[in-house]
1. Condition test on residue 154, is it assigned to a helix (DSSP H, G or I) and at pLDDT below 80?
2. Which condition number does residue 124 fail, the rest of (1) at pLDDT below 75; (2) surrounded by 13 or more Cβ atoms within 10 Å (Cβ to Cβ); (3) over 17 Å from residue 72 (Cα atoms) being met?
3. Any residue in region 35-49 that is at pLDDT 70 or above, under 17 Å from residue 147 (Cβ atoms) and not hydrophobic (A, V, I, L, M, F, W, C)?
4. Do we have any residue at all in region 106-119 that's at pLDDT 80 or above and touching an Asp or Glu at 6+ places or on another chain (Cβ under 8 Å)?
Amino acid sequence: MFNKAVDFFVKTVRKIPHLTFKGWCVIGVIAIIAGSTSFVVLEQYTTTRRQFCMGCHYKQAYSEFWRESKVHPESVRCPECHTKHEQIIPRYYSADDNMVTPNCIRCHENITKTNEQIGFKTNPLNIKIPHKFHLEDVGAQCTDCHANISHDKEEPQTNRPRMENCFKCHEKEDTRESCLKCHYEW
């Protein structure tokens, strides 16, 4: 059996045309490019899937984070928010606001423009929030208010900031005027 395999291998090799040094170099370069490309594609595919993240985060209560949300569809994966986008292969992941906030703004680029510049968008609760003021003047991070935007642990999920988040910085006031600062119709 072994002899038949060796004979088959030798016959196959003899059928390969004899190549010059230049020919072998071309084949070598093609093999290196194909191998490198395969490695990068495989590495990127495996490290950008939720299963990769769940390897470490499976015990956390946040495991519900991996669900598709109303705001972010299934196609938005962990690296969209938790890695630097100039990396072909993610080297590290982070929930650090210094990484997450620029990624939010990368997709939501109009968020810092005034309502007049983009046309005022209403939402179900008629809330107006000056994002530019909070991000640039106050130095707030997106996750200060929007921690539940893709990782809403509450039931039912709203994927919207909750008023309790506002009270982390703003004192709760019982006057109608204070509510009208954000709720323009009440």
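The values are calculated or read from the model by the stated rules, or taken from the named source; none is laboratory data. This one's a predicted model, so the numbers in the text were calculated from it and none came from an experiment. Note: ideal-geometry Cβ built from the backbone for every residue, glycine included; neighbour counts use all protein chains shown.
1. Criteria not met by residue 154.
2. With (1) at pLDDT below 75; (2) surrounded by 13 or more Cβ atoms within 10 Å (Cβ to Cβ); (3) over 17 Å from residue 72 (Cα atoms) applied to residue 124, the lone miss is (2).
3. Taking every residue of region 35-49 in turn, none turns out to be at pLDDT 70 or above, under 17 Å from residue 147 (Cβ atoms) and not hydrophobic (A, V, I, L, M, F, W, C).
4. The answer is yes, given that some residue of region 106-119 is at pLDDT 80 or above and touching an Asp or Glu at 6+ places or on another chain (Cβ under 8 Å).
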